[in-house]
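Visitor: Before we start, here is the structure in question, set down as structure tokens.
The values are calculated or read from the model by the stated rules, or taken from the named source; none is laboratory data. None of the values given here were measured: they were computed from a predicted structure. Because the Cβ atoms are built from the backbone with ideal geometry, glycine has one as well, and the counts that use them run over all protein chains shown. Each accessible area value is taken on the protein alone, full model and side chains, heavy atoms only, with ligands, DNA and RNA left out. Shrake-Rupley method; radii C 1.70, N 1.55, O 1.52, S 1.80 Å.
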Amino acid sequence: MTTPADEPDAQTVWHTLSAAEALHAQSVDPRVGLSLEEAIHRLEKFGKNSLPESTRRGPWLRFLLQFHNPLIYVLLAAGLVTLALNDFIDAGVIGGVVLINAIIGFVQEGKAEKALDAVRAMLASRAIVLRDGERREIDATLLVPGDVVLLESGVRVPADLRLFRIKNLRVKEAALTGESLPVEKTLDSVGHKSPIGDRTCMAYSGTVVSFGQAHGVVVNTGPRSEIGRIGAMVGEVQSLVTPLTRRLDQFARQITAAILVGAIVSFLIGYYVHEMALLDIFLAVVGLTVAAIPEGLPAIVTIVLAIGTRTMARKNAIVRRLPAVETLGSVTVICSDKTGTLTKNEMTAVRVMLPNCTLAASGTGYAPEGGFQCDGVGVIAVREAALQQLAQCALLCNDAQLKNDATKGWQLVGDPTEGALLTLAHKAGLDPVEALTAAPRIDEIPFESEHRFMATLHHDHQGHVFALLKGAPERVLALCNQDGSNTALDRPNWERRMEESACDGQRVLALARCDMAAGTAALNMSDMTERFTLLGLVGLIDPPREEAIAAVAECQRAGMRVKMITGDHAVTAAAIGRQLGLRADKAVTGEMVQALSDQALQKVAQDTDVFARASPEHKLRLVAALQALGELVAMTGDGVNDAPALKAANIGIAMGKNGTDAAREAADLVLTDDNFATIAHAVREGRVVFDNIKKSLLFILPTSCGEAGVILLAIFAGIPLPVTAGQILWVNMITAVTLSLALAFEPAEPGVMDRPPRRPSEPLITRVLGSRIAYVSLLMVIVTFAIFEWELARGSSLEVARTAAVNMLVMGELVYLFNVRNFTTSAFSWRILTDNPVALWMCALLVGFQLLMTYAPPMQTLFQTAALDLSSWLVIFGLGLLKFLAVELEKGLWRHFNVRSM
């Protein structure tokens with residue numbers, strides 16, 4: 001028999017069929033379930049109810065791929081050449097640098113991509129089914145299409161089910177759709193194009209039953225389920241190369257080509273023009289190659305990123321991939337999920353509509369913190385009789401509990417809507433224990449979807465008995481004949497107030513009270529007549545975090561656009577968007593996104609900030625549309641439905657506190673406090689990290705270019721090399737360990753969050769940066785040749801002249817460190833001495849190393865150096881000071897032209 005599960009559109013047809021049609025299509029009797037033989041047959045046909053394992057690269061391959069970089073190739077070639085020439089010191093230094101870089105990359109990559117494992121963990125492990133007419137508990141992986149599954153409160157749905165019998169069923173679908181409240185399920189079929197959140201006749205794998213019971217027939221399992229489809233999308237999405245990685249790769253190719261061309265030209269000129277010995281010119285070219293390659297750059301970039309990672313961890317942001325730190329500084333658009341990210345995913349009573357006034361309730365979530373205002377003026381809750389009566393009803397006609405956990409804060413046990421009402425009662429000054437003691441519950445009518453209200457019966461120990469009622473406004477109003485002011489019920493007025501709250505995205509509940517005859521001990525549906533007094537209406541919503549509103553404003557000031565993409569309803573999404581300061585005049589729904597072409601979607605994505613009823617496919621398309629416009633996109637989320645978009649975005653940001661494992665494992669960054677405001681802090685740190693990487697480039701490249709220029713000029717002039725290859729490697733190694741490392745600890749530049757984000761297409765070496773590198777490189781060559789030629793002119797040996805040249809290079813780098821710590825701000829400030837004490841310690845360490853190299857006999861032997869006299873040091877200090885002043889003059893020119901960043 002061919003069933004819908006075999007058809008191409010199996011993902012979309014089941015919610016359009018009636019329960020009877022779905023059971024018929026699966027050839028199953030709902031009273032008996034499948035036979036064991038049929039279940040085995042279908043298991044062979046459809047496979048297990050689990051997600052397929054993904055193939056991954058082995059550790060050896062991952063390690064070898066760390067060497068797949070043009071710069072590394074050149075370094076390895078230089079290392080092999082020096083090894084063949086028995087220059088073991090140089091070969092060891094080069095090999096050590098390459099190996100350390102590879103190990104760091106291997107360790108970081110080993111922590112990556114476990115998204116499919118996390119999605120797989122979302123599936124239930126056990127399921128209760130009917131097989132051969134008997135109720136059995138089986139391994140959920142053995143479920144097959146056609147199985148009849150029994151659901152009850154608290155269980156995780158084990159497969160995609162078409163429901164055919166329900167009793168007050170509500171299912172938490174936030175992880176799949178982003179909707180804050182549990183969804184009330186029905187048996188009615190819905191339209192073909194209905195989004196997942198509107199398919200109320202379905203229960204999807206990975207969601208959780210919050211209330212009620214149900215029977216359903218399995219229609220899709222494993223990879224065919226909605227959660228399986230999301231897992232497949234996660235696996236298909238390619239991880240994007242970060243801007244830093246892309247720029248460094250491009251830079252590596254460019255510098256590699258330049259080094260190879262320079263080496264070939266130098267060899268030809270030295271060998272054929274100046275007729276140098278083959279071994280001498282070969283060693284000179286190796287020295288040139290080693291000098292030109294910034295071998296310390298990969299390690300320094302990694303250290304800067306690692307320090308940024310540590311700083312962000314202290315601010316509640318955990319980085320899963322190092323380059324993601326820098327990517328944050330380049331972000332131009334932040335696409336955020338609503339529920340649990342911009343909001344707390346905690347329902348809150350925000351509006352109290354009493355007979356004579358409307359109060360605004362402050363505070364968010366279940367923490368009983370906040371108060372009430374009327375027209376912006378504070379209200380003393382305990383003095384408002386109408387508020388106290390409504391709060392008493394909210395507290396007593398309620399089955400939820402609030403518990404204050406020392407580590408997790410206020411936690412709800414029960415329904416989110418009832419939790420919001422309980423919090424409202426707390427804010428009004430009521431104590432649950434005292435209220436329940438004063439008016440204990442005698443009887444109740446539990447909430448049923450048929451009558452859409454809950455009622456409780458209470459007495460006050462003095463012979464008075466009263467009933468409390470809460471529920472859907474239209475049902476409660478139908479049972480009321482007056483309001484709390486003892487006047488006849490003005491139904492049009494109350495309906496108008498209901499509509500105002502609904503337009504603001506609020507869910508509205510009505511609360512009422514009725515005095516009962518003394519001695520009443522039971523509450524029946526026959527008592528539910530038009531006799532109640534309406535106490536008021538309460539507007540509830542999962543409101544934006546107060547800190548999120550400020551963070552969105554800060555991101556907008558920093559030149560970033562914030563867009564909200566949620567699975568919630570359009571009206572609710574637009575209301576939250578307006579409170580956040582987004583352009584929310586018209587929310588675009590997932591259905592509208594589905595109908596748009598890629599080009600039309602790009603226009604909509606550019607002009608719209610709020611998207612509602614969005615499925616995982618819609619989120620992926622929106623991210624792709626923004627990226628096609630040249631935007632660098634950060635995507636935040638906490639649900640399994642967010643995982644594909646988190647991975648597709650340039651940087652994925654997941655919630656670590658209440659988020660799903662699937663979202664966390666697909667993300668590059670995890671927020672441990674689930675707070676959108678932390679993203680603003682992370683963006684700031686990302687910009688600081690990129691600034692410090694650019695400062696490292698600005699420091700390392702003039703050093704390498706200056707050293708290469710010295711050797712190149714010597715070859716072209718046909719004179720002895722001012723520095724040997726071993727001495728160059730010493731300088732590169734020792735300054736990378738000390739001075740370059742100090743730049744990793746630089747604080748933020750002034751106004752780092754007042755400038756727009758960098759263009760994603762901006763090259764690593766901008767024109768301003770390139771001009772600084774060329775200028776400082778030229779200064780390095782001039783002062784190094786000046787000291788070298790001065791030493792030779794006064795009769796010093798070649799070893800002394802080279803020692804002076806090496807120390808001149810180091811002195812030039814040391815003073816340049818204080819130039820480069822600010823891009824264009826003057827170094828003549830006390831701030832330069834106090835902001836980064838690491839720089840001062842590293843300078844002292846470098847001086848110590850250089851004195852050892854110059855005066856320690858073993859070091860003199862190893863690096864062919866000689867002791868310098870006082871005159872040499874005075875000239876070195878003088879030239880270093882002149883170089884420092886020359887760079888400060890250049891910075892002054894940039895300030896004159898109002899250039900503040902490079």
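Visitor: Efficiency by 1/(1 + (r/R0)^6): what FRET value for Leu852 and Arg310, r their Cβ-Cβ distance, R0 = 35 Å, to the nearest 0.05?
Guide: 0.65
Visitor: With r defined as the distance between the Cβ atoms of Ala521 and Glu21 and R0 fixed at 45 Å, what FRET efficiency is calculated, to the nearest 0.05?
Guide: On the way: r = 47 Å, r/R0 = 1.04.
Efficiency computed from Cβ-Cβ geometry: 0.45.
Visitor: Can you give me the angle between helix 798-820 and the longest principal axis of the chain, using Cα atoms only, in degrees from 0 to 90, rounded to the nearest 10?
Guide: 30 degrees
Visitor: Between Met276 and residues 5 or more places away or on another chain, which pairs have amide H atoms under 5 Å apart, with H built 1.01 Å from N, and which residues are they?
Guide: Amide H neighbours of Met276: Tyr271.
Visitor: Additional query: Suppose every K and R has +1 on its Cβ and every D and E has -1 on its Cβ; what is the size of the dipole of the chain about the Cα centre, in Debye to the nearest 20? Intermediate values should be presented prior to the final figure.
Guide: Working: 81 positive and 93 negative charges, 292 e Å.
Roughly 1400 debye, rounded to the nearest 20.
Visitor: Further question on the same structure: Can you pull out the chymotrypsin sites (Phe, Trp or Tyr not before Pro) in the stretch 814-902 that DSSP calls coil and that have at most 14 other Cβ atoms within 10 Å?
Guide: Answer in residue order: Phe828, Trp830, Phe897.
Visitor: Note down the net charge around Glu434, summing +1 for each Lys or Arg and -1 for each Asp or Glu among other residues with Cβ under 15 Å from its Cβ.
Guide: Local net charge: -1.
Visitor: How are the Cα pair distances of the chain distributed, in percent, across 10 Å bins from 0?
Guide: Binned Cα distances yield the sequence 2, 11, 17, 17, 15, 12, 9, 7, 5, 2, 1, 0.
Visitor: Report, in degrees rounded to the nearest 10, the 0 to 90 angle that the Cα long axis of helix 570-580 makes with the longest principal axis of the chain.
Guide: 50 degrees
Visitor: With every protein chain kept in place and ligands, DNA and RNA left out, what is the accessible area per residue of the stretch 290-445? Probe 1.4 Å, answer in Å².
Guide: 37 Å²
Visitor: Considering the dipole of the chain built from charges on the beta carbon (Lys and Arg +1, Asp and Glu -1) around the Cα centre, which of Phe282, Leu669, Ala91 is farthest to its positive end?
Guide: Ranked along the dipole, the leading option is Phe282.
Visitor: Over the stretch 188-229, average the accessible area per residue using a 1.4 Å probe and give it in Å², no decimals.
Guide: Accessible area per residue: 30 Å².
Visitor: List the longest stretch of the chain that has no exposed loop site; here a site is one of the GluC sites (Glu not before Pro) assigned by DSSP to anything other than H, G, I, E or B, with at most 14 other Cβ within 10 Å.
Guide: 531-902
Visitor: Return the lysines within reach of Lys563: Cα separation strictly under 19 angstrom, same-chain partners fewer than 8 residues apart disregarded; answer none if there are no such residues.
Guide: Straight-distance partners of Lys563: Lys338, Lys344, Lys586, Lys603, Lys619, Lys647.
Visitor: Same structure, new question: Once the dipole of the chain is set up with Lys and Arg at +1 and Asp and Glu at -1 on Cβ about the Cα centre, which of Ile103, Thr364, Ala488 lies farthest towards its positive end?
Guide: Final value for the positive-end residue is Ile103.
Visitor: I want the local charge near Leu596. Using Cβ-Cβ distances under 15 Å, sum +1 for each Lys or Arg and -1 for each Asp or Glu among the other residues.
Guide: With Lys, Arg at +1 and Asp, Glu at -1, the net is +2.
Visitor: Follow-up question, since we're still on this one. Are there any trypsin sites (Lys or Arg not before Pro) in the stretch 341-419 that are in a DSSP loop and have at most 12 other Cβ atoms within 10 Å? List them by number.
Guide: Here the trypsin sites (Lys or Arg not before Pro) that fit, given the DSSP loop and packing criteria, are Lys408.
Visitor: Let me ask another. Helix 278-292: angle to the longest alpha-carbon principal axis of the chain, degrees 0 to 90, nearest 10?
Guide: 40 degrees
Visitor: Take the alpha carbon atoms of the stretch 445-467, find their center, do the same for the stretch 557-614, and report the distance between the two centers in whole angstrom.
Guide: Spelled out, the Cα-based centre of one part sits 42 Å from the other.
Visitor: At a threshold of 8 angstrom on Cα-Cα distance, excluding pairs fewer than six apart, so keeping six or more, what relative contact order does the chain reach in percent?
Guide: In percent, rounded to a whole number, it is 13.
Visitor: Still on this model: Within straight cross-link reach of Lys427, meaning Cα distance under 16 Å, which aspartates and glutamates are found once same-chain residues fewer than 8 apart are removed?
Guide: Glu346, Glu369, Glu384, Glu418
Visitor: Let me ask another. Pop out the carbon and sulfur fraction of the accessible area of the chain as a percent, whole number, probe 1.4 Å. Let's see the in-between values first.
Guide: On the way: 21520 of 36270 Å².
The nonpolar share, carbon plus sulfur, comes to 59 percent.
Visitor: At 222 nm, what value in deg cm²/dmol follows for the chain if DSSP H runs of at least 4 each add -39500 (n - 2.57) and the sum is divided by all its residues, to the nearest 500?
Guide: That comes out to -15000 deg cm²/dmol.
Visitor: Mind checking the per residue accessible area of the stretch 518-636 for me, 1.4 Å probe, whole number of Å²?
Guide: Per residue, the stretch 518-636 has an accessible area of 38 Å².
Visitor: Need one number: % antiparallel among DSSP beta bridges in the chain, to the nearest 5.
Guide: Working: 75 of 98 bridges.
Looking only at bridges with both residues in the chain, the antiparallel portion is about 75 percent.
Visitor: Ordering Asp515, Asp415, Asp375, Asp869 by how much accessible area each has at a 1.4 Å probe, largest first, what is the list?
Guide: The most accessible residue leads, giving Asp375, Asp515, Asp869, Asp415.
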